[in-house]
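Taking it in order: structure first as structure tokens, then the write-up.
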Amino acid sequence: MSSIQIRAFERRDREQLTELVNAHVDAVVPGRSVSVNAVLSKHEREPGEAVVDPWVSERTTLVAVRREQVVGAALLTRFADDDRVSDSYRGAAEVRWLVCWPQHADAGDALAAACIGTMEDWGAGKQWADGSLPAPSVYGIPDAWPHVRGVLERAGFEHGGRVEVVVAAAVADLPQAGHPVEELTVRRVVGHNGTAFVALRGSEQVGLFELRSDVTTGGTLSRLAGWGEVWNLHVDEGLRRRGVGTWLVGHGADWLRLGGVRMLLAEYEAENGRAAPSSARSASAS
């Protein structure tokens, strides 16, 4: 095959880069895509990462080009080495995401080598790799990306040990709130990350279902309209297996149906069923 050029991202690459990113997004969640502007904005900052993003001291995007076609790309972040950064991130660097067309895995290998070279030039004592594309529920290294996993493993990255599952449901198929649960009331409030439906026994909180009905980030990701995501579902142990969780989900589903939301995504850790954080790391440097 023809030679591969690894270089810094240029504005003329934006449409091909977005096409490459959306091919990887679509393999994880159907019907989702992001705009050119959404992809480009992540090269500057990630306001959704309110804790970690301010620690980033440098970003760079590399592309792999073959015969004028962008066949691979990666976004790298470097974390500051000072007291405001937590110990686990201080002086580290990350491949925020790396994607390539499967038929150009050799370009992916060259790109990964360039990423590691850049992080070493930064003096990063810790190096990570992830797949956090600018679309909800696309993070880690999804099973649908075996070519990316292969690239990272050949570069020396190892699986971080966590396995998370993303599930989707049609909101129309979710339960309705139905009859009240004995001795419990429900209150809809602003939650930590979205809208929360709180189960109360008197004034005591005994359950919580928190969701976000709009993942378009105020319309900037307009192509994600009609999708929502679950942030948390918890019922106190003494009330489990009594239908409280289903009752709370029903209240949330009724709210989503009222807002015209069609699909709902949820993520959980396969080993123990806990809800997964949005910035999970799936690989670390060997």
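The values are calculated or read from the model by the stated rules, or taken from the named source; none is laboratory data. It should be emphasised that the depicted structure is a prediction, and the values quoted were computed from it without experimental measurement. For neighbour counting, all protein chains shown are included, and Cβ atoms are generated from backbone atoms with ideal geometry for every residue, glycine included. Heavy atoms of the whole protein, side chains included, go into the accessibility calculation; ligands, DNA and RNA do not. Shrake-Rupley method; radii C 1.70, N 1.55, O 1.52, S 1.80 Å.
Computed from backbone phi, the HN-Hα couplings of region 64-80 come to 9, 10, 9, 6, 6, 9, 6, 10, x, 7, 8, 10, 10, 10, 10, 9, 5 Hz, rounded to whole numbers (Karplus: 6.51 cos²θ - 1.76 cosθ + 1.60, θ = phi - 60°; Gly and Pro given as x). Among the GluC sites (Glu not before Pro) in region 124-197, those placed in a DSSP loop whose Cβ has at most 13 other Cβ atoms within 10 Å are Glu182, Glu183.
Counting only DSSP beta bridges whose two residues both lie in the chain, roughly 90 percent are antiparallel. Model label sites at Leu258 and Glu182, defined 7 Å from Cα along the beta-carbon direction, differ in position by 2.8 nm.
So how much slack lies between Ser203 and Ser88, counting 0.36 nm per residue of separation and subtracting their Cα-Cα distance, in nm?
Taking Ser203 through Ser88 to full extension adds about 37.5 nm, to one decimal.
Across region 81-102, the residues whose backbone nitrogen lies under 18 Å from the label position 7 Å along the beta-carbon direction of Asp26 are 99-102.
Note on Glu49 and Arg242: the extension gain reaches 65.9 nm, defined as 0.36 nm multiplied by sequence separation minus the Cα-Cα distance.
Based on protein heavy atoms only, the chain ends up with 49 Å² per residue of surface accessible to a 1.4 Å probe. Our coupling estimate for region 32-44, obtained by passing each phi through the Karplus curve with A = 6.51, B = -1.76, C = 1.60 and θ = phi - 60°, is 10, 7, 10, 7, 4, 5, 5, 5, 5, 5, 6, 6, 9 Hz, Gly and Pro reported as x. Restricting the GluC sites (Glu not before Pro) of region 1-77 to loop positions (DSSP other than H, G, I, E, B) with no more than 10 neighbouring Cβ atoms within 10 Å leaves Glu44, Glu68. In the chain, the longest principal axis of the Cα atoms and the axis of helix 105-121 are about 90 degrees apart. Apolar share of the accessible surface for region 128-172: 54 percent from carbon plus sulfur atoms, 1.4 Å probe.
A cut-off of 5 Å between modelled amide H atoms, ignoring neighbours fewer than 5 places along the same chain, links Val163 with Ala270, Glu271. Mind listing the phi-derived Karplus ³J(HN,Hα) values for region 233-246, rounded to whole Hz, using 6.51, -1.76 and 1.60 with θ = phi - 60°, and x for any glycine or proline? Using θ = phi - 60°, the values come out as 9, 9, 10, 4, 4, x, 10, 6, 6, 10, x, 5, x, 4 Hz.
Of the residues Gly259, Thr60, Ala92, the one whose Cα sits farthest towards the positive end of the charge dipole of the chain is Gly259 (charges of +1 on Lys and Arg Cβ, -1 on Asp and Glu Cβ, taken about the Cα centre). Of the trypsin sites (Lys or Arg not before Pro) found in region 37-137, those in coil by DSSP whose Cβ has at most 14 other Cβ atoms within 10 Å are Arg45, Arg67, Arg84. D by Stokes-Einstein for the chain, Kirkwood Rh over Cα pairs, 37 °C, 0.692 mPa s: 160 µm²/s. Against the chain, whose longest principal axis comes from its Cα atoms, helix 14-26 is set at around 40 degrees.
Of the solvent-accessible surface of region 44-87, computed with a 1.4 Å probe over protein heavy atoms with every protein chain present, carbon and sulfur atoms account for 43 percent.
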